[in-house]
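Visitor: Have a look at this one.
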Amino acid sequence: MQRNFLSFLRPYFDILASKIYRMKNTALSKWHEANGAKMVPFAGYNMPVQYTGVNDEHLRVRESVGVFDVSHMGEFHVRGKEALDLIQKVTTNDASVLTPGKVQYSCLPNEKGGIVDDLLVYCLAENDYMLVVNASNLKKDYNWIQSQNTFDCVLTDDSDDMSLFAIQGPRATETLNKLTSEDLGEMSYYNLKYIDFCGEENILISSTGYTGAGGFEIYLPNKYAELFWTNVLEAGAEFDIQMIGLAARDTLRLEMGFCLYGNDIDDNTSPIEAGLGWITKFTKDFVGKEIIQSHKENGPSKRLVGFELTDRGIPRKDYKIVNSEGTIIGRVTSGTMSPSTKKAIGMGYVNVGHHKQGTEIAILIRNKPVSAVVTRPPFIPKS
């Protein structure tokens with residue numbers, strides 16, 4: 001009786017929540033609701049968190065193919081003869097190596113050496129770039145980049161006009177090749193091109209993604225969202241394609257040891273602490289360079305590490321990490337039960353000296369130390 005009453009009230013709670021949080025819908029939010037997705041507020045958007053279940057969706061991506069609606073992500077364009085100068089100033093990686101058709105992973109540093117956000121930099125053409133940022137940081141990122149824009153270029157936020165689908169997994173190429181005359185298998189990692197797709201011209205596709213399973217991301221005008229989405233599902237039907245929610249996206253990225261902003265990196269973490277020295281190039285000037293360079297030269301006091309539990313338990317964000325004597329040496333930033341390995345895995349910051357691979361540590365779960373060992377991600381074999 002009580003359950004039925006609560007179910008009756010659920011629509012009213014959802015309406016109230018949408019007003020309180022001012023949630024936005026993607027072009028497909030209503031479609032997801034009508035097709036059985038469990039929806040949650042995420043980064044200001046009404047987003048599908050799961051469809052058939054996290055483990056099922058996760059394994060479908062690892063073993064075959066899945067499609068994600070990640071249209072909540074932000075897309076900025078930087079255009080003008082000094083567009084590269086602005087990007088070089090506000091990102092840590094060296095965007096000068098990019099040529100049209102190339103993509104680069106990078107981060108936005110702040111003046112204190114922390115991370116405003118991580119992002120992808122797309123070189124669309126000469127003096128024409130697209131920056132793909134996290135939805136939760138969209139306004140913050142835009143305001144930050146704009147505050148640094150003293151160059152002859154224009155920054156625009158085109159996020160509301162674009163949808164973004166990620167088609168990931170070992171059968172992604174076979175699926176999408178049915179919808180274009182291009183052979184997408186010829187695209188190397190972190191490249192982009194404009195293609196004819198589902199009968200529409202000049203659709204941007206990139207060989208990127210955040211699952212480690214291979215695949216593509218497609219950027220499209222909102223008006224094509226349902227057409228493209230349903231066509232992808234039809235094309236992948238013979239491979240048992242599955243719609244994938246945000247929950248499985250998180251477990252997939254964690255198995256690879258990929259950072260999640262707000263968990264593993266934030267405004268107070270240095271790229272060096274987070275193991276992102278490989279996207280931090282000191283051959284150019286950028287915001288916070290001197291501080292971050294000092295972290296590299298002097299060594300940080302803490303490091304982001306991966307770990308596997310060797311006893312039963314599941315690590316969660318903000319659980320304390322201790323050494324063999326029970327002294328607190330860090331905290332968990334991400335954790336889950338890996339659907340691929342059936343092992344409990346996680347990431348967290350530990351004091352330097354406890355960060356080396358093979359170091360025995362413990363995670364405090366309900367105030368009980370659960371044994372773990374520092375392990376270098378990815379937590380699954382590279383494909």
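Taken together, the values in this text are just the output of simple stated rules run on the coordinates, not laboratory data. What you see is a predicted model; the values in this text were computed from it and never measured. As a convention, Cβ positions derive from the backbone with ideal geometry for all residues, glycine included, and neighbour counts pool all protein chains shown.
Visitor: Sorting check: for 140-149, 269-278, which peptide has the highest mean count of neighbouring beta carbons within 10 Å, and how do the rest follow? Write out the running numbers ahead of the final one.
Guide: On the way: 140-149: 16.0, 269-278: 21.2.
Top of the packing list down: 269-278, 140-149.
Visitor: As a check on your grasp of the helix formula, calculate [θ] at 222 nm for the chain: sum -39500 (n - 2.57) over DSSP H runs of n ≥ 4, divide by the residue count, round to the nearest 500.
Guide: Calculated mean residue ellipticity at 222 nm is -7000 deg cm²/dmol.
Visitor: Only four residue types carry charge here, +1 at the Cβ of Lys and Arg and -1 at the Cβ of Asp and Glu. Report the dipole size of region 11-258 about the Cα centre in Debye, rounded to the nearest 20.
Guide: 740 debye
Visitor: Compute the semi-axes of the equivalent ellipsoid of region 147-231, taking the square root of 5 times each eigenvalue of the Cα gyration tensor, and list them largest first in whole Å.
Guide: Semi-axes from the Cα gyration tensor: 25, 16, 12 Å.
Visitor: Along the charge dipole of the chain, pointing to its positive end and built from +1/-1 on Cβ of Lys, Arg, Asp and Glu, which listed residue (307, 278, 144) has its Cα farthest out?
Guide: Final value for the positive-end residue is 307.
Visitor: If the only charges are +1 at each Lys and Arg Cβ and -1 at each Asp and Glu Cβ, what is the size of the charge dipole of region 192-250 around the Cα centre, to the nearest 20 debye?
Guide: The calculation lands at about 220 debye.
Visitor: Continuing with the same structure: Give, in nm to one decimal, the length gained when the segment between residue 318 and residue 284 is fully stretched (0.36 nm per residue of separation minus the Cα-Cα distance).
Guide: Value of the extension gain: 8.7 nm.
Visitor: Can you give the FRET efficiency to the nearest 0.05 for residue 297 and residue 158, using r as the Cβ-Cβ distance and R₀ = 45 Å?
Guide: Calculated value: 0.70.
Visitor: Of the cross-linked pairs 281/382; 317/382; 112/289; 140/193; 24/223; 320/343, which ones have a Cα-Cα span greater than 21 Å in the structure shown?
Guide: Long pairs (Cα-Cα over 21 Å): 281/382; 317/382; 140/193.
Visitor: Here's a follow-up. Amide H neighbours of residue 352 under 5 Å, at least 5 residues apart or on other chains, H built in the peptide plane: list them.
Guide: 302, 303
Visitor: Which value results for Rg/Rh of region 259-374 when Rg is the Cα radius of gyration and Rh the Kirkwood radius based on the inverse mean 1/r?
Guide: We get a ratio of 1.02 for region 259-374.
Visitor: Region 81-127 to region 251-300: how many Å between their Cα centroids?
Guide: Computed from Cα coordinates, the inter-centre distance equals 14 Å.
Visitor: Take the chain, connect every pair of alpha-carbon atoms lying under 10 Å apart with a spring to form a Gaussian network, then pick out the residue of 306, 353, 66 with the largest mean-square fluctuation.
Guide: Taking springs between Cα atoms under 10 Å, the residue moving most is 353.
Visitor: Stretched out fully, how many nm does the piece from residue 110 to residue 146 gain, at 0.36 nm a residue minus the Cα gap?
Guide: Fully extending the segment from residue 110 to residue 146 adds 11.6 nm.
Visitor: I want the local charge near residue 305. Using Cβ-Cβ distances under 9 Å, sum +1 for each Lys or Arg and -1 for each Asp or Glu among the other residues.
Guide: So the surrounding residues net to +3.
Visitor: Out of residues 5 or more away from residue 47 or on other chains, whose amide H comes under 5 Å of its own, with H placed 1.01 Å from N in the peptide plane?
Guide: The answer is 40, 42.
Visitor: Multiply the residue gap between residue 382 and residue 200 by 0.36 nm, knock off their C-alpha separation, and tell me the result in nm, one decimal place.
Guide: 62.0 nm
Visitor: With unit charges on the beta carbons (Lys and Arg positive, Asp and Glu negative) and the dipole taken about the Cα centre of the chain, which residue among 206, 269, 258 sits farthest to the positive side?
Guide: Positive-most Cα among the choices belongs to 269.
Visitor: Using 1/(1 + (r/R0)^6) with R0 = 35 angstrom and r between the beta carbons of residue 311 and residue 188, what's the FRET efficiency to the nearest 0.05? Don't skip to the answer; put the middle values down first.
Guide: Numbers: r = 42 Å, r/R0 = 1.20.
So, using R0 = 35 Å, E works out to roughly 0.25.
Visitor: Can I ask one more? Counting other Cβ atoms within 10 Å, keep those with at most 15, restrict to DSSP loop, and tell me which trypsin sites (Lys or Arg not before Pro) in region 143-218 are left.
Guide: Those satisfying the criteria are 178.
Visitor: Could you work out the Kirkwood radius for the chain, taking every pair of different alpha carbons, averaging 1/r and inverting it, reported in Å?
Guide: 22.0 Å
Visitor: I'd like to know which of 365, 231, 42 lies farthest towards the positive end of the charge dipole of the chain, counting +1 on Cβ of Lys and Arg and -1 on Cβ of Asp and Glu.
Guide: Value computed over the given set: 365.
Visitor: If I model a spin label at residue 97 and residue 234 as a point 7 Å from the Cα along the Cα→Cβ vector, what separation in nanometres do I get?
Guide: 4.2 nm
Visitor: Separate question: For the chain, modelled as a Gaussian network with Cα springs under 10 Å, which listed residue fluctuates most, 179, 84, 304?
Guide: So, out of 179, 84, 304, the one fluctuating most is 179.
Visitor: Using amide H atoms built in the peptide plane, which far-off residues or other-chain residues are under 5 Å from residue 370 H to H?
Guide: So residue 370 has HN proximity to 363, 364, 365.
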